[in-house]
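Okay, structure first, notes after.
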Amino acid sequence: MAVNAETFLKVLDALQEPLQKNGFAQQADENGSLVTVGEAEAAAVFSGEKGALKIRYAGERTEVYAADDTDALESGAKRIVVSLLPANADEKDVRYVIGEISETLDARYSTVTKVVKKQNAKAPQTVSKAAVKNGSFYDPNTLASKLCLVFPELRPIYKENIATYGEFLSEQFFEEYGTPRILEAIKENRPQTMKKLFQILNEIYEDGTNDTQSLIAVTILGALDNDQVLLARCVDYMSETMAPPVIEVNKFLATSAGKKAKEKMKNPPPYKPKKKKKQGFLSQMMAGGGGMAPPAI
């Protein structure tokens, strides 16, 4: 498949600011070209005091590789971003890729971002791919933040959720806003959107905390209500890890027991504190430390 150089140049042009902000300048290749364009791929190299980056576009994917210097880009580079970018990408697709790469650059290289996070303890931190490789797990906040790249209209709602509650309340965000928007996208069944959506859901589910996996399988995809048409659409995009539990959740929620459980989740009973168990006479005496000793044997 021939590479769409025009689309790639749009991405590079928009990334100039975040790259420069993080200390990277574009480097020319051996022929003096800032962008190397071939039949099957296009690439550009950036370097600075923090290392070197190679941004590559091939096979409808944009990838970013990082290394200590430009020489190491060919042998010891580490891929830090991979994002779908179709050959017939529209403006929304391009913005999505730009947003994902920009966020990764800021999280990995920006000293400003790190200072802000320390000063504002209430600002939730997303979990990076690098952190996951080192043993961390994706959380609901990271899921929401990444989904805002696919559905930019959710970003203000996400920020308002944090501002209102002082922390991110995932159930409130997804039940009221995130899940309805995701269901809408599944019903629209636009291939480009579905690819991006499930790329995120698959990745986060694979290395997510238990509550994050539950959020995806029950709160979000469990809302498909065992609709076989919608489920079939999703199965085409779901990973082998995520598909079985999602199907089982939908089957269960369609049963009478599942419907009751679902209704209970929507309308939980009022909290009643457990009554303290009264101590028996013997226990009271033993706790008091005096007056009664155990019988001699």
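Scanning the stretch 35-72 for residues that are out of contact with any strand residue (DSSP E or B) (no Cβ under 7 Å at 6 or more places or on another chain) and not small (G, A, S), we see that the one that is farthest from Q20 (Cα to Cα) is E39.
Filtered by the rule that a residue be hydroxyl-bearing (S, T, Y) and more than 20 Å from the chain's Cα centre (by Cα), the stretch 66-94 gives T70, S75. Kindly evaluate S110 against the criterion of being under 26 Å from T142 (Cβ atoms), out of contact with any Pro (no Cβ under 6 Å at 6 or more places or on another chain) and not aliphatic (A, V, I, L, M). Criteria met by S110. In summary, helices (runs of 4 or more DSSP H) completely within the stretch 225-297 and bearing 1 or more residues that are in contact with a helix residue (DSSP H, G or I) (Cβ under 9 Å, 6 or more places away or on another chain) and modelled with pLDDT under 90 occur at 243-253, 256-266.
Matching residues to (1) open to solvent by less than 10 Å² (accessible area, probe 1.4 Å); (2) touching a Leu at 6+ places or on another chain (Cβ under 8 Å); (3) part of a strand (DSSP E or B); (4) free of Cβ contacts under 8 Å to residues at least 40 places away in the same chain:
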| residue | (1), (2), (3), (4) |
| --- | --- |
| D29 | no, no, no, yes |
| G32 | no, no, no, yes |
| A44 | yes, yes, yes, yes |
| R56 | no, no, yes, yes |
| T62 | yes, yes, yes, no |
| Y65 | no, yes, yes, yes |
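Checked against the criterion of being open to solvent by 30 Å² or more (accessible area, probe 1.4 Å) and either closer than 30 Å to E60 by Cα or part of a helix (DSSP H, G or I) (or both), the candidates K159, K196 yield just one match: K159. L15 meets the conditions (1) open to solvent by less than 20 Å² (accessible area, probe 1.4 Å); (2) over 17 Å from S110 (Cβ atoms); (3) outside any strand (DSSP E or B) in every case but one. The failed one is (2).
No other residue among A107, A121, A87 is touching a helix residue (DSSP H, G or I) at 6+ places or on another chain (Cβ under 8 Å), surrounded by fewer than 16 Cβ atoms within 10 Å (Cβ to Cβ), of a type in the set (A, V, I, L, M, F, W, C) and modelled with pLDDT under 85 apart from A87. Checking F137, F151, F174, F168 one by one, the residue that is surrounded by 13 or more Cβ atoms within 10 Å (Cβ to Cβ) and more than 22 Å from N210 (Cα to Cα) is F151 and no other.
Take the stretch 73-104 and flag every residue that is in contact with a strand residue (DSSP E or B) (Cβ under 7 Å, 6 or more places away or on another chain) and of a type in the set (A, V, I, L, M). Residues satisfying the conditions are L73, A77, I80, V81, V82, L84, L85, V97, I101.
The values are calculated or read from the model by the stated rules, or taken from the named source; none is laboratory data. Please read these numbers as outputs of a predicted model, since none were measured by experiment. Note that we place each Cβ from the backbone using ideal geometry, even for glycine, and neighbour counts take in every protein chain shown. Side chains included, ligands, DNA and RNA excluded: accessible areas come from the protein's heavy atoms. Shrake-Rupley method; radii C 1.70, N 1.55, O 1.52, S 1.80 Å.
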